[in-house]
Amino acid sequence: MTTPPAQAISVRGLEKSYKDLKVLKGVHFEVARGSIFALLGSNGAGKTTVVRILATLLTGDAGAARVNGFDVAAQPARVRESISLTGQFAAVDEILTGRENLVMVARLRHLKDPGAIADDLLRRFSLTDAGGRRVGTYSGGMRRRLDIAMSLIGNPPVIFLDEPTTGLDPQARIEVWQSVKELAAHGTTVLLTTQYLDEAEHLADRIAILHEGRIIVNGTLAELKRLLPPAKVEYVEKQPTLEDVFLSLVGADPKDPR
Ligand SMILES: Nc1ncnc2c1ncn2[C@@H]1O[C@H](COP(=O)(O)OP(=O)(O)OP(=O)(O)O)[C@@H](O)[C@H]1O
Ligand SMILES: [Mg+2]
């Protein structure tokens, strides 16, 4: 057996245009195995475009990308076997219970003992008590957690979460964050996109900012904070937040849609 590559995701010189609109102009980044990587950017920066190319749903115009060691252009089937993608809209069936949804997906993937797989995931995502209830009765946070749990069936080594908490209330967001941390603790590599800077701050091992077609910074939260000198007010030192760093680099309000 060949040893798995150290990088779960590697993107080099990725370019993509939609007609005359050049969205990606040479994107480079790498994501270490078992880590959580956050791709930040304003509306329309190209985050979903990057995720769709990595998930083989879209082809890039130039550059190369590998996921789990496989080239997205040359080995798309191997890439698809290695990943799961959870978008903003949950793929859960409302009529079924949470447990039935999980069992159904495990059956579709021809896995042994779907019931045990379902029970294990319900436990990991704190849904054991809700598992017997119809999904139609779940809160937004519970649905999103079930959606993430469903995407883990078959143990894909790499998971893409495109804005996993958009539209959720603060409590539900914290629940989803716990689930994402739980994924990484089990060795899954997570690439998440978000417009919530506090989400990246809480979750990510590394944070990259996509702006005007390129990754303009990529580092740990501590490294990003060092880009701005702390503001000194009398004798109290105020550390910059990720939001301060983002705004100083991007020069716009990330919550202000263009
Ligand atoms: N299929 C398409 N055809 C034409 N233009 C597109 C298409 N998909 C995306 N775009 C444009 O490409 C740019 C990047 O879109 P993308 O969805 O990747 O951004 P994003 O960073 O995910 O934004 P958001 O934060 O709003 O989700 C936007 O200007 C968008 O309008
Ligand atoms: Mg998007």
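The values are calculated or read from the model by the stated rules, or taken from the named source; none is laboratory data. Remember, it's a predicted structure, so these values are computed and weren't measured experimentally. Counting neighbours? That spans all protein chains shown, and the Cβs are built from the backbone with ideal geometry, glycine included. The protein model used for the area step is the full one, side chains on, heavy atoms only, and it has no ligands, DNA or RNA in it. Shrake-Rupley method; radii C 1.70, N 1.55, O 1.52, S 1.80 Å.
Which number in (1) touching a helix residue (DSSP H, G or I) at 6+ places or on another chain (Cβ under 8 Å); (2) closer than 22 Å to Ser17 by Cβ; (3) outside any loop (DSSP other than H, G, I, E, B) marks the one condition that Leu122 misses?
Answer for Leu122: the failing condition is (2).
I'm trying to understand the selection: among the residues of segment 170-194, which are open to solvent by less than 60 Å² (accessible area, probe 1.4 Å), more than 10 Å from the chain's Cα centre (by Cα) and farther than 17 Å from Thr220 by Cα?
Selection gives Ala172, Arg173, Glu175, Val176, Trp177, Ser179, Glu182, Leu183, Gly187, Thr188.
Select from segment 32-80 the residues that are away from ligand 1 (no atom under 12 Å from the Cβ), among the β-branched types (Val, Ile, Thr) and open to solvent by less than 30 Å² (accessible area, probe 1.4 Å) and list them in ascending order.
Answer for segment 32-80, where residues must be away from ligand 1 (no atom under 12 Å from the Cβ), among the β-branched types (Val, Ile, Thr) and open to solvent by less than 30 Å² (accessible area, probe 1.4 Å): Ile36, Thr56, Val67, Val72, Val79.
Filter segment 81-111 down to the residues that are acidic (Asp, Glu) and at pLDDT below 90, then identify the one that is least open to solvent (accessible area, probe 1.4 Å).
Just the residues of segment 81-111 that are acidic (Asp, Glu), to begin with: 81, 93-94, 100.
Still in the list and also at pLDDT below 90: 81, 93-94.
Details: Glu81: 127, Asp93: 58, Glu94: 84 Å².
Within segment 81-111, the match that is least open to solvent (accessible area, probe 1.4 Å) is Asp93.
Give me a count of the residues in segment 58-85 that are more than 18 Å from His28 (Cβ to Cβ), more than 13 Å from ligand 2 (Cβ to nearest atom) and under 18 Å from the mean Cα position of the chain (by Cα).
Within segment 58-85, residues that are more than 18 Å from His28 (Cβ to Cβ), more than 13 Å from ligand 2 (Cβ to nearest atom) and under 18 Å from the mean Cα position of the chain (by Cα) number 7.
Just to be sure, is Ala231 away from ligand 1 (no atom under 16 Å from the Cβ) and either closer than 30 Å to Arg109 by Cα or at pLDDT 85 or above (or both)?
No.
Filtering segment 126-170 down to residues that are away from ligand 2 (no atom under 16 Å from the Cβ) and part of a strand (DSSP E or B), which residue is farthest from Ile83 (Cα to Cα)?
Ranking the qualifying residues of segment 126-170, first place goes to Arg134.
If a residue has to be of a type in the set (Asp, Glu) and either modelled with pLDDT under 70 or more than 24 Å from the chain's Cα centre (by Cα) (or both) to count, how many in segment 234-245 make the cut?
Count: 2.
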